[in-house]
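Data first, discussion second: the structure below is written as structure tokens.
The values are calculated or read from the model by the stated rules, or taken from the named source; none is laboratory data. Note that the coordinates shown come from a computational prediction; the quantities given were computed from them, not determined experimentally. When we count neighbours, we look across all protein chains shown, and the Cβ atoms used for this are built from the backbone with ideal geometry, even at glycine.
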Amino acid sequence: MEAAERQLVEHGRILAEGIRAALPGWVVSAVHSRLPDMDLEVRQAAEAAGAQAAVVVGEEVAELLAAGIHNQRENPLAVLRRAVRYPTGVLRAAGVVPVDRDDFAIARFPDDAYDLVPASFSDIHPDLRDPGIAWGAAKAFVHRHRGPG
């Protein structure tokens, strides 16, 4: 069991590092998806927001993944979804009109005016798919063998 727990920690570290590395590019890409003709000022704002997201959200994800599995009250994708505030802030400042969203999206993600919330790790970057799956499988294995609480 000790080896499985070490693997879980390692998978969490890899996932957290990947998220931290991918966030700056995702923020710029998210802004670009709603403002394809962004000017230099908006691009610089998106890059700055992406750097900030990497620090703030990256740290939140790293802290969550470093916590014991019974202390994880949410999953890393839920934390990662909070990064939507970074491209949203840039788009609002640029005067971009919010997009129409369905009732479910509005209720579930009220702050996502531009419909940018990632559905999966690979929506942030394709290279996060496998680390996300590996971490989830390792967590499930440890949880199953350790038992509840």
Positions within segment 93-106 being over 20 Å from the mean Cα position of the chain (by Cα), closer than 24 Å to HIS125 by Cα and without any contact (Cβ under 8 Å) to a residue 40 or more places away in the chain, in sequence order | PRO98, ARG101
Residues being crowded, with 16+ Cβ neighbours inside 10 Å and either at pLDDT below 95 or of a type in the set (A, V, I, L, M, F, W, C) (or both) - total across segment 83-100 = 6
So which of ALA140, ALA134 is surrounded by fewer than 17 Cβ atoms within 10 Å (Cβ to Cβ) and of a type in the set (A, V, I, L, M, F, W, C)?
-> ALA140
Between a first residue in segment 59-87 that is within 24 Å of SER29 (Cα to Cα) and a second residue that is among the polar types (S, T, N, Q), which pairs have beta carbons less than 8 Å apart while being 6 or more apart in sequence or on different chains?
-> LEU77/SER120; TYR86/GLN52
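Quick grid of which residues meet (1) in a helix (DSSP H, G or I); (2) among the hydrophobic types (A, V, I, L, M, F, W, C); (3) under 25 Å from GLY12 (Cβ atoms):
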{"position": "GLN52", "(1), (2), (3)": "yes, no, yes"}
{"position": "GLU60", "(1), (2), (3)": "yes, no, yes"}
{"position": "LEU64", "(1), (2), (3)": "yes, yes, yes"}
{"position": "ARG81", "(1), (2), (3)": "yes, no, yes"}
{"position": "THR88", "(1), (2), (3)": "yes, no, no"}
{"position": "LEU91", "(1), (2), (3)": "yes, yes, no"}
{"position": "VAL99", "(1), (2), (3)": "no, yes, no"}
{"position": "GLY132", "(1), (2), (3)": "yes, no, yes"}
Flag for LEU23 being without any contact (Cβ under 8 Å) to a residue 60 or more places away in the chain and either in contact with a helix residue (DSSP H, G or I) (Cβ under 8 Å, 6 or more places away or on another chain) or surrounded by 13 or more Cβ atoms within 10 Å (Cβ to Cβ) (or both) | no
Would you be able to say whether some residue in segment 29-45 is surrounded by fewer than 19 Cβ atoms within 10 Å (Cβ to Cβ), hydrophobic (A, V, I, L, M, F, W, C) and assigned to a loop (DSSP other than H, G, I, E, B)?
-> no
Count - residues of segment 107-127 that are under 18 Å from HIS11 (Cα atoms) and either at pLDDT below 95 or under 10 Å from the mean Cα position of the chain (by Cα) (or both) = 5
